[in-house]
1. Let me know the mean shielding of A:151-164 by other chains, meaning the per-residue number of their Cβ atoms within 10 Å of its Cβ.
2. Taking the Kirkwood radius as the inverse of the mean 1/r across Cα pairs, report the Rg/Rh of the stretch A:322-445.
3. Is there a quick way to get the dipole size of the stretch A:4-165? I mean about its Cα centre, with the Cβ of Lys and Arg at +1 and of Asp and Glu at -1; what is the value in debye to the nearest 20?
4. Once the convex hull of the C-alpha atoms of the protein assembly as shown is built, how many Å³ does it hold per residue, rounded to a whole number?
5. I want to verify a result. In a Gaussian network model of chain B, Cα cutoff 10 Å, which of these has the top mean-square fluctuation: B:PHE64, B:PHE117, B:PHE18?
6. Springs between alpha-carbon pairs under 10 angstrom, Gaussian network model over chain B: which of B:LYS229, B:LYS12, B:LYS115 fluctuates most?
7. In chain A, if the dipole is taken from +1 on Lys/Arg beta carbons and -1 on Asp/Glu beta carbons about the Cα centre, which of A:TYR107, A:THR61, A:ASN348 is farthest to the positive end?
8. Tell me which of B:GLY141, B:ILE95, B:SER113 sits at the most positive position along the dipole axis of the stretch B:53-142, charges placed on C-beta atoms (Lys, Arg +1; Asp, Glu -1).
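Read-outs: derived from the displayed coordinates by stated rules, not from any lab. On a predicted model such as this, the values are computed, not experimentally measured, just so you know. Backbone-built Cβ (ideal geometry, glycine too); neighbour counts: all protein chains shown.
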Amino acid sequence: MESTAATKSKESYSKQERIKIRNTTLMSIIPGGGQFYNRQVPKGILFLLIFILFLYQLYATGLNSISGLITLGTTPGEDHSLFLLIEGVLQLLYIFLFLAFYVIQLYDANRVAKIKAISPSKVNHSIKDILFNVYENGFPYLLTVPAYILMLFAIIFPVLVTFLLIFTNYDFNHIPPATLIEWTGLDTFTTMFSINTYRETFTSVFIWTIIWTLSATTLQIALGIFTAMVMNQPFIKFKRIFGVILLLPWAVPAFITILTFSNMFNPSAGAINTQVIPFINSVIPFLKIPALSWKTNPFWTKVALIGIQGWLGYPYIYVLTTSILQSIPNEWYEAASIDGANTIQKFNSITFPHILAVAAPIFITQYTNNFNNFTMIYLFNEGGPGSVGNNAGSTDILISWVYKLTTGQSPQYNVSSAITFIISAVVIVVSLVIFSRANAFEMED
Amino acid sequence: MAKNNHKKMKNKRFWNQFFTYVYLIFMTVIIIYPLLITVTSAFKSGNLISFDLSFEGELTLNNFRRLFNDTLYGTWYMNTLMVAVVAMFIQVTIITLAGYAYSRYRFIGRKSSLKFFIVVQMVPTIAALTAFYVMALLVGGLDTHGFLIFLYVGGAIPMNTWLMKGYFDTVPIDLDESAKLDGAGHLRTFAQIVLPLMRPMIAVQALWAFMTPFGEFMLARFILRSPEKYTVAIGLQQFINDPRQQRVTLFAAGAILIAVPISILFFYLQKNFVSGLTSGGTKG
């Protein structure tokens with residue numbers, strides 16, 4: 001990994017040198033060959049060893065894994081299709097890593113040969129020199145390797161496996177090792193969209209997911225911005241106390257408050273119906289709100305869910321907006337006042353655009369978070385009440401439906417994988433489009 | 001005319017202040033009410049099936065006693081602490097190293113992998129639930145804390161590496177450069193020059209990582225199957241889920257023992273967290 005300054009442009013090598021460089025590169029068709037030729041013996045041995053190990057692994061278990069991935073097992077009760085699938089994907093990853101290594105070592109042989117052609121003394125031969133060189137030039141790679149390895153196994157690999165499951169018939173009728181799983185191509189999608197009950201469930205869940213995402217997130221953002229503007233007024237007394245209270249919904253772990261609310265919204269014994277509504281009725285004359293059927297009527301359950309999410313989610317936006325508001329110069333408002341702008345005009349033309357300019361990416365993540373807000377939906381009422389078919393309750397959003405399809409009585413792993421795929425695609429595409437519009441990808445260098 | 005205008009202004013200011021305080025008091029009531037219900041219920045005697053706000057009856061510590069004597073709450077708490085501490089150490093080590101590399105070095109694949117981090121952290125954890133299950137079966141990770149820690153840390157890496165890089169960017173690079181001129185190697189520059197300056201930020205990251213297992217529900221529920229392995233979140237859900245058992249007061253007592261320390265940590269950290277987020281969000 002010598003510095004690139006030691007190489008020169010292609011034309012400046014003599015013909016003989018060029019042939020030599022090409023030959024060195026060609027010798028690395030067997031990894032290590034070029035390195036031996038460059039007289040980097042330890043490196044050559046290491047590369048050759050990696051190559052031999054890879055071949056041995058491929059011969060010993062690898063080829064079996066690949067064929068296992070293709071067939072997913074042949075003997076029911078003996079072959080475990082899922083394990084075969086996972087081992088096959090792992091083997092694909094190994095092969096991919098080996099190919100990456102192969103390209104790198106070809107590149108290495110070529111580059112060292114170039115350096116050797118100009119100044120042979122700059123080529124490292126001893127183990128010590130090579131190790132030092134790795135440390136000196138490979139330091140950032142060494143630092144990031146643990147992160148990559150963990151992500152590979154905790155995120156990329158599982159996502160890959162889930163993706164492959166879409167194209168199988170893995171469901172409650174096909175549970176390995178008793179039964180084999182088979183590749184079924186696009187059948188999962190066909191089933192989902194051609195069988196009426198699935199299509200209806202999917203449509204109904206999807207529509208509520210969109211309504212939920214838009215209304216709950218917009219509510220929490222609006223509430224957050226409004227509260228920040230109220231609190232930003234200079235005359236407020238007890239600002240610190242109000243500040244702490246306003247943050248409490250964020251400070252207390254969400255699962256505690258959701259479970260508390262879930263109990264409070266119990267239609268027969270919960271505090272909302274037994275305490276809050278009677279109190280409102282007694283304070284406001286001529287108002288007679290009856291006890292509402294929270295958690296048993298889909299409409300009122302949805303209202304409660306959106307309200308609670310507003311309660312839970314606004315403090316984050318409030319804190320964010322407060323720090324943005326403090327960065328808006330006061331002169332802008334003064335200038336606007338001189339021009340005769342009223343409060344609403346000032347908000348529309350100064351405050352809101354400024355907030356959006358800074359916080360748009362974060363607002364987007366709020367929308368995508370709620371799109372996937374499993375905790376809220378599942379803990380409040382487990383997606384109930386009632387059912388819209390195929391395990392889904394009337395307040396289930398896509399992600400909690402997926403959870404039920406995976407963990408319920410009659411799991412449909414292939415369908416849940418397909419829905420997950422759709423969810424992820426929607427979230428990623430929407431975010432990417434908006435992120436790149438907001439230039440969040442622009443980096444400093 | 002001028003006097004009239006002045007009066008109008010004063011009037012307007014009065015109403016503005018009036019509505020401001022009405023709004024703040026309204027919000028205070030809405031926020032405090034459910035929290036106060038939980039707090040008071042924790043000290044109530046008797047078996048309730050649901051919450052409400054009342055100050056009747058004597059206050060007792062019985063619920064806390066029952067929590068530790070008759071239920072597995074103590075075990076759950078220790079489980080959660082264990083998971084939290086281990087996950088915190090692994091996570092902070094990994095993201096500090098990676099964040100430093102992304103902030104200070106220009107290496108092949110740097111930009112594209114940073115973009116990749118943003119995309120990857122958008123994939124919901126649940127996307128891989130089935131795969132997690134099969135992986136856990138394969139390595140015997142079902143019902144173990146080790147596998148849960150692995151999932152927590154792995155899932156937290158992209159977002160937090162990104163944040164950590166942002167924090168490292170705020171430490172002036174001149175410091176490293178002058179250290180390198182003085183002959184310090186990579187490791188010394190990192191460990192002796194930059195790392196000490198980052199201590200507050202690393203502490204913040206560590207505490208956030210520590211707090212996650214106390215509130216995380218879905219993965220814990222999915223991986224941990226036997227009651228003595230539960231974390232507090234799933235354990236407490238059992239108390240309130242079954243109305244016939246009438247253990248709401250136990251839930252309240254257990255909830256307080258989590259909510260109080262977590263909220264204190266939260267208020268301690270909150271300022272740092274927000275400044276990190278805004279700088280991470282706008283600058284990249």
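1. Across the residues of A:151-164, the mean count of other-chain Cβ atoms within 10 Å is 6.
2. Answer for the stretch A:322-445: 1.19.
3. On the way: 13 positive and 8 negative charges, 250 e Å.
Approximately 1200 debye in magnitude.
4. 221 Å³
5. Evaluated over chain B, the most mobile residue of the options is B:PHE18.
6. Highest fluctuation of the listed residues: B:LYS12.
7. A:TYR107
8. The listed residue farthest towards the positive side: B:SER113.
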